[in-house]
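Each remark here refers to the structure printed beneath this line.
Bear in mind these aren't lab numbers, they're just calculated from the coordinates by the rules spelled out. Treat the numbers as computed from the prediction; the structure is a model and nothing was measured. Here the Cβ is made from the backbone with ideal geometry for all residues, glycine too, and neighbour counts use every protein chain on show.
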Amino acid sequence: MSRLSIDDTIAAIASPPGPAIRGIVRISGPATESCLIRLVQTARPLSEIKSACSLAAKIRLDSLQEIECQLLFWPNTQSYTRQVSAEIHMTGSRPLLEWTLEQLCRAKGVRMATPGEFTLRAFLSGRIDLTQAEAVLGVIEAAGVHDLESALTQLAGGLAGPLSRARNELLYLLAELEAGLDFSEEDIQFISPQELTDRLAGCHQTLLQVSEQVTERKVNQASLSAVLVGWPNAGKSSLFNRLVDGQAIVSEQAGTTRDYLTGLMIADSMHIELSDTAGLEFHQHPTAVETAAQQATSEQLKNADLRILCLDGSRPVNDWERNQLQRTTYYHLTLRTKSDQLYPCDPDDRVDLATSAVLKTGIDELKSAIGQLASSLQNAESSVVASTAVRVKNSLWMAIESIQRALDTSRLEMGEELVAAEIRIALDQLGQVVGTVYTDDILDVVFGKFCIGK
């Protein structure tokens with residue numbers, strides 16, 4: 001990409017087209033000062049200025065009188081692009097702005113900026129990350145107060161902050177794990193298994209919260225989705241049939257469902273697509289069929305608006321279910337199924353409802369709860385710029401799933417080298433979100449929508 005070059009100086013009109021009281025011409029790059037000396041007259045020589053300042057100035061016109069203007073000058077890395085930069089604020093006459101730009105571009109090493117090139121340079125210099133670059137575009141294109149507030153919040157680091165903290169924590173964890181692997185023969189422990197699990201769980205929760213922010217809320221009622229998830233034989237299929245009048249195969253044999261079924265349910269006048277998925281369980285050596293079923297379930301979970309955890313009420317909670325209960329920000333509802341044969345539950349378990357597909361108890365309450373959650377999600381306004389949500393959603397979910405695999409691997413004590421491998425995958429995905437890992441294609445997508453001068 002030619003526009004990645006930062007060795008030349010770029011200039012552009014930075015104010016919107018049309019008549020206005022004030023207009024802005026922007027310039028950035030190594031030749032900025034020499035160009036200004038040719039064009040602008042200031043009481044104080046620019047060569048003597050060592051920090052950002054605002055100066056009263058005059059533009060030297062060829063055959064007209066001098067035009068008064070205001071010069072904003074950044075002689076060092078304090079500027080938006082972290083290059084020598086300036087803005088000429090003057091009368092918003094389009095011919096005058098274009099003449100000024102033409103005079104700047106006549107200087108050696110100066111050219112017209114391409115769309116988004118000032119912001120691209122801010123990104124490449126580390127002044128902003130990729131989510132903040134998209135927020136700049138969000139400010140430009142804001143169609144209302146909420147759009148503007150969302151973009152300004154993101155520009156101020158509302159999304160970048162938690163992502164950066166999670167990424168730094170994962171970097172520290174990876175360093176400690178790799179140090180432990182290097183000294184494995186000397187019996188030196190750099191991090192305890194419990195601390196590793198706790199810190200991974202903290203990162204996982206942070207990314208789940210960010211994921212909730214970037215999830216685009218669907219406006220079409222029929223497009224809202226909910227998914228039933230749980231251990232095999234937890235009563236999901238029986239519950240699914242009661243909720244949607246479906247035809248899921250019901251059996252006492254665990255693992256009957258190997259694919260997923262979908263059906264339309266109506267809850268509090270809300271139309272919701274409900275999915276019944278294969279039971280989630282963690283095997284060290286899964287079969288090909290089990291692997292495919294788990295992948296299908298994970299895909300449904302990733303795309304669902306509502307996630308409903310089903311616990312088999314006829315037996316004690318197992319270790320996998322106990323781990324899921326700790327993911328309080330992940331599941332929207334937690335159910336105890338088979339309440340007609342209810343086993344006494346631990347009072348510390350967070351359970352929202354008890355249902356029985358046999359006795360049809362709790363079904364209406366469950367429908368109402370799902371409807372209320374769907375309604376609140378539909379009315380919720382995302383605090384993230386839409387273009388950011390589209391770009392980062394997949395990478396963020398891949399990072400979340402890698403950390404979940406690292407957690408499972410750590411809890412089963414399957415080896416720190418496997419945990420480290422999953423953390424590396426998560427770091428790579430987060431790098432693509434914030435822009436520490438990027439390709440020209442990603443930059444084309446992000447900056448291709450910008451206008452010239454931004």
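If you count, for each residue, the other Cβ atoms within 10 Å and average over each peptide, how do 15-26, 233-244 line up from highest to lowest? If you can, show how the numbers build up before the last one.
Values: 15-26: 15.2, 233-244: 23.5.
In decreasing order of mean packing, 15-26, 233-244 become 233-244, 15-26.
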message: At a 10 angstrom cut-off on C-beta neighbours, averaged per residue, how do the peptides 366-375, 403-412, 320-329 rank from highest to lowest?
response: 403-412, 366-375, 320-329
task: For the stretch 32-59 and the stretch 293-335, compute the distance between their C-alpha centroids and round to whole Å.
output: 63
- prompt: D349 versus D428, label points 7 Å from Cα toward the beta carbon: distance in nm?
  reply: 3.9
field: Rg over Rh, two decimals, the stretch 2-129 (C-alpha only, Kirkwood Rh)
entry: 0.94
